[in-house]
Amino acid sequence: MIEVDDKVGTEEVESRSLREKAVIAVAVVLGCFIFYTAAFGAFESLIQRSIFVGLASTLAVLLTPLGGGKKWRVLGIVIDVAMLAIVWFAVYSTITRFEEIMVQRPFAENPDVWLGAATLVVILELARRTVSFLFPLLVGLMVAYALFGDQIPGRFGHRGFDLYYVTETVFLSDLGLWGMLVGIASTTLAAFVLFGAFLLHTGAGKTFFDLAARASGSSPGGAAKIATIASGFFGMISGSTVANVATTGNFTIPLMRKLKYSRAYAGGVEAIASTGGQLAPPIMGTAAFVMAELVGMNYWTIAAAALIPAILFYLGIFMTVHVIAKRRDFGNIDTEGMPTWQEALDWRRIAPIIASLGGIVYGVLNGNSVETTAFYGIVAMIVAFIVARMTAGESLWFAIKQLAPAIVTGGKGVVIVGILLVAAQVFVALLNLTGVGVTLTSIILSYAGNNIALIAVVMAIVCLIAGMGLPTSAAYVLVAAVFAPALIQAGLPPLTVHFFVLYYATLSVITPPVCVGVFVASTIAEEKWPKVAFEAVRLGAIAYLLPILFLVYPGLLMQGSWLDVGQALVTGVTFTMSLAFLLGVQQLAGRSKAEALVWAVPLALSVWPSWPATMAGVAVLLSLMLVRSRLAPVAETSS
């Protein structure tokens, strides 16, 4: 029996090794495909999208094999091979017929129905493997609704669509499996995922951490501030909460624990700080790229609109952490263990970062597409990294070897979001086909009228619920497609509405009961996740309230005149500081925690949309801060 077990184990290792080599090979092909199309432009839309779906599906099958490590793995291999055969036959069929599909939508025949249905099943199965069963289930329900919704009485019934018409929409057009969201995934999004992968392989993550440590490590609550700043920096290039927590959290959470921070607090700081990565320009999360297409704006316009909210987001966390650190007397980091400014700002370390941003700026000023702009950033970064390494005495070949894995990382990085956006595009296509989105909008408006506050509250709750168990991009697409039109028809600008949805969809990753970012942070902190979630939500209160401010002050999103933007900025800072002092329980004289309630006064004034209220809020806030600075020494002496 031992010999049999050893043989089976050897076969498993050999099989795994072969699969890992296949993963690397396909990831390299996908990465090169992304790099080539970013440099020289995308192919015809259906060709670009179908090839991307084929490569992403192949990589997804290799990364999530059916029955891996199980006795029935042989059956799993047969199913996996069949799935890939279906997808690539669909890709071949689409490429050979793309002119027919784009010029005149062909009528579906029986082979089209079978191939379209099989391809959709494969995509939904891969979505189940890579994320969870919830999203494929929602898409499956939408397919069933499209086919049988005519049997439903009342307003939710529709005129009915047969299997052939649904196939024409999902498979034989650029609306379903090869639709607009897939176009975003295969070009803009994929290019920036590759950009982030290259930047990380230049050592940018460690550089960001050292800069954060140097900037705030020796101040009160230094470890928590390092987590906040480092996660903000890292989030600008990763755009993923989970990746952010897993990367910076492995440094910052143990550092906070070493200085006697509670496990829950350490995990909560990292979870909320990492969440902002999807909301911080220049490289925001997947949903921001999707938003640019849905709203019909250039991505850089979206990134510019996100700047002030991102600053307020991290200002709120930073100040709350500072107040709590002062009150709880958290220890400071030993300055001997921190890098010097000279080490942190060594030109060889920051050259790739500066060069990459320079490449992006060049692309923007030159009027290039977003993906070509990312290409310029990658090329500039590679050149700067190689020059920096060679001046440090390393060979050209060694520098290239350090960067080579980035193409594999980038290829793997687009798999999950690519598969999800294919499935999401099918959902959106059938949502538009059946008209259920219009129906829901009319129902909401009939009950709420033009009560924007009521509609906003409903949307916020739906966003948070929809995001439980779904990635941000999927939650954003679902809610934006179904509910955003209600607020837009109520008179709000589309950009404001979509940012409102984006923020709450993003915050779902730290909102109980299904909060993926918190789960990762709690694992690193070795604490029960509900305790970590409580700290994350408390520290991130500003993030939950910022979307409400968008509705009152559109200037926060760079909308309106410069005067509107100025008022929104002043109001936002006043609101954020007041909330941080309130939630951090900043006392005036140190006699009672009830003293912290005075910060509610400037908080309330800042919400009222008028210049007198804004200036009054600023005056009250500054007066309270002055009183606090005068009374603090007395309170500390008496204590």
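The values are calculated or read from the model by the stated rules, or taken from the named source; none is laboratory data. Just so you know, these numbers come straight off a predicted model, no measurement behind them. Neighbour counts run over all protein chains shown; Cβ positions are idealised from the backbone, glycine included. Only protein heavy atoms, including side chains, enter the accessible area calculation; ligands, DNA and RNA are left aside. Shrake-Rupley method; radii C 1.70, N 1.55, O 1.52, S 1.80 Å.
If you filter the stretch 73-97 down to residues that are farther than 15 Å from Val121 by Cβ and open to solvent by less than 40 Å² (accessible area, probe 1.4 Å), you find that the one that is nearest to the chain's Cα centre (by Cα) is Val91.
Of Ala490, Ala429, Ala456, which residue is open to solvent by less than 30 Å² (accessible area, probe 1.4 Å) and free of Cβ contacts under 8 Å to residues at least 60 places away in the same chain? Even if it seems obvious, please write down each step before you answer.
Working: Ala429 fails: free of Cβ contacts under 8 Å to residues at least 60 places away in the same chain; Ala456 fails: free of Cβ contacts under 8 Å to residues at least 60 places away in the same chain.
That would be Ala490, the only listed residue that is open to solvent by less than 30 Å² (accessible area, probe 1.4 Å) and free of Cβ contacts under 8 Å to residues at least 60 places away in the same chain.
Within this structure, Leu200 passes the test of being part of a helix (DSSP H, G or I), out of contact with any His (no Cβ under 7 Å at 6 or more places or on another chain) and not aromatic (Phe, Trp, Tyr). Scanning the stretch 288-298 for any residue that is buried (at least 21 other Cβ atoms within 10 Å of the Cβ), assigned to a loop (DSSP other than H, G, I, E, B) and of a type in the set (Val, Ile, Thr) turns up nothing.
Of the residues making up the stretch 486-504, those that are in a helix (DSSP H, G or I), modelled with pLDDT of 85 or more and of a type outside the set (Val, Ile, Thr) are Pro494, Leu495, His498, Phe499, Phe500, Leu502, Tyr503, Tyr504.
Restricting the search to the stretch 304-314, which residues are surrounded by fewer than 19 Cβ atoms within 10 Å (Cβ to Cβ) and in contact (Cβ under 8 Å) with a residue 60 or more places away in the chain? Before you say what the answer is, go through the steps one by one.
Start the filter on the stretch 304-314 by keeping residues that are surrounded by fewer than 19 Cβ atoms within 10 Å (Cβ to Cβ), which leaves 304, 307, 311.
Listed by number, the residues that qualify are Ala304, Leu307.
Within the stretch 151-163, residues that are open to solvent by 100 Å² or more (accessible area, probe 1.4 Å) have Cβ atoms under 6 Å from residues that are not in a loop (DSSP other than H, G, I, E, B) in these pairs: Arg155/Thr439, counting only partners at least 6 apart in sequence or on another chain. Residues that are within 22 Å of Phe234 (Cβ to Cβ), crowded, with 17+ Cβ neighbours inside 10 Å and not hydrophobic (A, V, I, L, M, F, W, C) within the stretch 353-375 comprise Ser356, Gly359, Thr373, listed in sequence order.
Applying the selection to the stretch 249-275, what residues are aromatic (Phe, Trp, Tyr) and not in a helix (DSSP H, G or I)? Break it down stepwise before answering.
Kept after step one, since they are aromatic (Phe, Trp, Tyr), are these residues of the stretch 249-275: 251, 261, 265.
Hit for the stretch 249-275 is Tyr261, nothing else.
Which ones in the stretch 578-621 are in contact (Cβ under 8 Å) with a residue 24 or more places away in the chain and open to solvent by less than 20 Å² (accessible area, probe 1.4 Å)? Listed by number, the residues that qualify are Ser578, Leu579, Ala580, Phe581, Gly584, Ala589, Trp599, Pro602, Ser606, Thr614, Gly617, Leu621.
Applying the criterion of being within 18 Å of Leu603 (Cα to Cα), hydrophobic (A, V, I, L, M, F, W, C) and touching a residue at least 60 places away in the same chain (Cβ under 8 Å) to the residues of the stretch 541-562, the residue that is most open to solvent (accessible area, probe 1.4 Å) is Ile548. Within the stretch 392-413, take every residue that is among the β-branched types (Val, Ile, Thr) and at pLDDT 85 or above and give me the one that is surrounded by the most Cβ atoms within 10 Å (Cβ to Cβ). Among residues in the stretch 392-413 that are among the β-branched types (Val, Ile, Thr) and at pLDDT 85 or above, the one surrounded by the most Cβ atoms within 10 Å (Cβ to Cβ) is Ile407.
Assess whether Leu138 counts as being surrounded by 13 or more Cβ atoms within 10 Å (Cβ to Cβ) and farther than 17 Å from Gln425 by Cβ. Write out each step before concluding.
Numbers: surrounded by 13 or more Cβ atoms within 10 Å (Cβ to Cβ): yes; farther than 17 Å from Gln425 by Cβ: no.
Spelling it out, it is not the case that Leu138 is surrounded by 13 or more Cβ atoms within 10 Å (Cβ to Cβ) and farther than 17 Å from Gln425 by Cβ.
Open to solvent by 10 Å² or more (accessible area, probe 1.4 Å), among the polar types (S, T, N, Q) and within 24 Å of the chain's Cα centre (by Cα): is that true of Thr301 in this structure?
Considered against the rule, which asks whether it is open to solvent by 10 Å² or more (accessible area, probe 1.4 Å), among the polar types (S, T, N, Q) and within 24 Å of the chain's Cα centre (by Cα), Thr301 comes out as yes.
Within the stretch 325-343, residues that are closer than 11 Å to Asp210 by Cβ reach partners that are modelled with pLDDT of 70 or more and of a type outside the set (D, E, K, R) with beta carbons closer than 6 Å, at six or more positions or on different chains, in the pairs Met338/Ala213.
Among the residues that make up the stretch 509-521, is at least one of them in a helix (DSSP H, G or I), within 19 Å of Asn244 (Cα to Cα), among the polar types (S, T, N, Q) and open to solvent by less than 40 Å² (accessible area, probe 1.4 Å)? Within the stretch 509-521 (the criterion being in a helix (DSSP H, G or I), within 19 Å of Asn244 (Cα to Cα), among the polar types (S, T, N, Q) and open to solvent by less than 40 Å² (accessible area, probe 1.4 Å)), the answer is no, since none of the residues qualifies. Restricting attention to the stretch 39-54, the residues that are under 19 Å from Ile378 (Cβ atoms) and buried (at least 24 other Cβ atoms within 10 Å of the Cβ) total 1. Among the criteria (1) over 20 Å from Ala481 (Cβ atoms); (2) at pLDDT 85 or above, the one Val426 does not fulfil is (1). In the stretch 395-409, the condition of being hydroxyl-bearing (Ser, Thr, Tyr) and within 30 Å of Trp178 (Cβ to Cβ) is met by at least one residue. Name the single residue that is modelled with the lowest pLDDT among those in the stretch 588-639 being more than 20 Å from Arg328 (Cβ to Cβ) and in a loop (DSSP other than H, G, I, E, B). If we take residues in the stretch 588-639 being more than 20 Å from Arg328 (Cβ to Cβ) and in a loop (DSSP other than H, G, I, E, B), then Pro609 is modelled with the lowest pLDDT.
Checked against (1) open to solvent by 30 Å² or more (accessible area, probe 1.4 Å); (2) under 19 Å from the mean Cα position of the chain (by Cα); (3) of a type in the set (S, T, N, Q), Asn451 passes all but a single condition, namely (2).
Return the only residue of Ser186, Ser231, Ser132 being more than 30 Å from Glu109 (Cβ to Cβ), of a type outside the set (A, V, I, L, M, F, W, C) and open to solvent by less than 10 Å² (accessible area, probe 1.4 Å). Outline the logic, then answer.
Values: Ser186 fails: more than 30 Å from Glu109 (Cβ to Cβ); Ser132 fails: open to solvent by less than 10 Å² (accessible area, probe 1.4 Å).
Criteria check complete, one pass: Ser231.
Restricting Leu172, Leu177, Leu194 to those that are in a loop (DSSP other than H, G, I, E, B), of a type in the set (A, V, I, L, M) and in contact with a Phe, Trp or Tyr (Cβ under 7 Å, 6 or more places away or on another chain) reduces the list to Leu177.
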